[in-house]
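Shown next, in structure tokens, is the structure this report addresses.
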Amino acid sequence: DVVMPGAFDEDLVAWASKGDPIPAIWSHDWRDPFSHIGTVIEATPVEKGLETLYEIDLDNPKAAQVYRLLKGRRVTQSSFAYDIVEADWATRKDEATGHEYEVYELRKLHLIEVGPTLVGANQETELLAVKSAEFARSIKAGRVLSAKNFESLKAAHEAIGGVLNTATPADDDK
């Protein structure tokens, strides 16, 4: 099976118009509610397939463990479940050998869920990054900071918050 460019386009628009998040599920384990580890924040079709950014629900113990597995790079692959809307066989030719072969082109898909898995059906999936929620929000807002600057700003924010929590406003009427 080969996911063709544009295969997700219509369905991603449909997901967005419904307003429901695309589920992020650990290893397609639909039967266990704790395997529903989060939701997709952003799904972007790319040349290689689909790039997803999802938020993991760290209040869920299984999701928290999956986060640790991802962060430690003990799990680095992903997968997605889909229904085929449009597909067909196509003949391709290997330019190096001249050999012809057939592939099943997935031209339109309905995305059901995505998520990390120990071994994906497509061994070319990859984990690009695992970030904290604060860092992900800063990226989403367009403010990318180095880890050192982020930590410095976070410490300053906490210090200012501590001062404000113990301070009493001056009476400006005098």
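Shown in residue order for segment 108-119 are the 3J(HN,Hα) couplings computed by the Karplus curve 6.51 cos²θ - 1.76 cosθ + 1.60 at θ = phi - 60°: 9, 10, 9, 7, 9, 6, 9, x, x, 8, 5, 9 Hz (x for Gly and Pro). Find the centroid of the Cα atoms in segment 92-129 and in segment 3-80, then give the distance between the two in whole Å. After rounding, the separation between the Cα centres reads 17 Å. Residues whose amide H falls under 5 Å from that of Gly115, counting only those 5 or more places apart or on a different chain, are Ile25, Ser79, with hydrogens built in the peptide plane.
Amide hydrogen proximity for Glu51: with H placed 1.01 Å from N in the peptide plane, the residues at 5 or more positions away or on another chain lying under 5 Å are Thr44, Val46. Only Cα pairs under 8 Å and 6+ residues apart enter the sum, and on that basis the relative contact order of segment 1-85 stands at 23 percent.
Each reported figure results from applying straightforward, stated rules to the coordinates on display, with no laboratory input. Keep in mind that this is a model prediction, so the values were computed, not measured.
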